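A short write-up of the structure that comes next.
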Amino acid sequence: MARYSIIMREDQLSISLASKLMDELSALGYLRDDENPEIVFTIGGDGTMLKAVHHYLHRLETVRFIGIHTGKLGFYTDFIPDEMDELISYLKSGTYTDYAFPLLKAKVCKGESCSVYHALNEFTIMNAVRTQHLDVYINAEWFESFQGTGLCISTPSGSSAYNKSLGGALVHPQIKSFQLTEIASINNNVYRTISSPMIFPCDTTLTLKARDFNEVILTIDHEHIELKGYDEIHFSISELQVYFRRFKEDNFWRRVQRAFL
Ligand code: NAD
């Protein structure tokens, strides 16, 4: 008997879809188990999927995610409300493919003491109050001194989110890599940055150090923490992966076309 959970946006459409889905799933013999689900259905948008992934971060190896989008199709969601019957038929058929998407890891350190965070879309480091200085190291070797608002470090699946708004490249999710994009860098006779998005292979560690991290925020997908008091941050591809259960043929470039063109 499959155990499932539902994470949804709290709007009327999502609530009524959840109720219909629960009826169908109980007829199929599925058991609701919010503690230890094997399948997590999300009803809402990409933001709802981000919340669900963070909620089950400790169980990613055993959980498979299926997204129902209450607007148009999203990047992490394969079904729209009109396709609920189709989804139920797919669940009955039992034919599917599980796709693994890499997560990014940030090790935020104060001396020897570090905290670890994971992101499905991206991390950003931002100072909205004053010009932020960041020294950028690639595999422990100094690369550049950044001055500006901040930096965005994104996964391939997150490349179509904030990264895209910053002029970053769209990266196919099967390319195990991560990307660095600038947020309003200062470039003049005194300060110079590379000014191009950079894509790193999966064994890279990117380190950011600052004279201080006062007033600096680290965003972690839809969440954020303050970096005051920390010394440095190390970014790399995480050993954790998120598994999305897909029933239809997946074509990343079609998804991009549908979303943006
Ligand atoms: P949300 O759910 O409203 O999401 C914000 C927008 O980002 C939505 O349009 C959503 O569909 C889109 N989105 C999220 N992930 C995506 C992806 N992988 N590919 C394409 N589009 C994607 O708000 P939230 O819950 O706060 O979501 C947090 C996300 O919002 C962040 O991870 C970040 O990527 C995005 N964001 C974007 C900007 C920007 O583009 N200027 C600014 C802040 C946050």
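The values are calculated or read from the model by the stated rules, or taken from the named source; none is laboratory data. Just so it is clear, the model here is predicted, and its values are computed rather than measured. Virtual Cβ from ideal backbone geometry, glycine too; neighbours counted across all protein chains shown. Remember, those area values only see protein heavy atoms, side chains included, never the ligands or the DNA or RNA. Shrake-Rupley method; radii C 1.70, N 1.55, O 1.52, S 1.80 Å.
Counting only residues that are open to solvent by less than 30 Å² (accessible area, probe 1.4 Å) and either more than 16 Å from the ligand (Cβ to nearest atom) or not in a strand (DSSP E or B) (or both), the stretch 118-134 holds 6 of them. When the stretch 220-259 is filtered for residues that are within 16 Å of the ligand (Cβ to nearest atom) and either part of a loop (DSSP other than H, G, I, E, B) or of a type in the set (Asp, Glu) (or both), the ones remaining, listed by number, are ASP221, HIS222, GLU223, ASP250, ASN251. Taken residue by residue, the stretch 106-115 has no member that is open to solvent by 30 Å² or more (accessible area, probe 1.4 Å), under 29 Å from ASN251 (Cα atoms) and touching a strand residue (DSSP E or B) at 6+ places or on another chain (Cβ under 8 Å). Name the single residue that is farthest from the ligand (Cβ to nearest atom) among those in the stretch 155-210 being closer than 19 Å to ALA140 by Cβ and loosely packed, with under 15 Cβ neighbours inside 10 Å. In this case the residue turns out to be ASP203.
Say whether the condition of being β-branched (Val, Ile, Thr) and in a loop (DSSP other than H, G, I, E, B) is met by at least one residue in the stretch 6-27. Please lay out each step first, then the result.
Here is the first cut: in the stretch 6-27, the residues β-branched (Val, Ile, Thr) are 6-7, 15.
Filter again for in a loop (DSSP other than H, G, I, E, B), leaving none.
No, that holds for no residue.
Please go through the stretch 49-76 and pick out each residue that is within 15 Å of the ligand (Cβ to nearest atom), β-branched (Val, Ile, Thr) and open to solvent by 10 Å² or more (accessible area, probe 1.4 Å). Hit for the stretch 49-76 is THR70, nothing else. Considering SER93, SER14, the condition of being more than 16 Å from the ligand (Cβ to nearest atom), of a type in the set (Ser, Thr, Tyr) and more than 30 Å from LYS209 (Cα to Cα) is satisfied by SER93 alone. Residue count for the stretch 28-49, restricted to those that are in contact with a strand residue (DSSP E or B) (Cβ under 9 Å, 6 or more places away or on another chain) and either in a helix (DSSP H, G or I) or without any contact (Cβ under 8 Å) to a residue 12 or more places away in the chain (or both): 4.
Remark: pairs (first residue in the stretch 11-22, farther than 12 Å from PHE41 by Cα and open to solvent by 10 Å² or more (accessible area, probe 1.4 Å); second residue part of a helix (DSSP H, G or I) and not β-branched (Val, Ile, Thr); Cβ separation under 7 Å; 6+ apart in sequence or on different chains) = LEU13/PRO81; LYS20/MET84.
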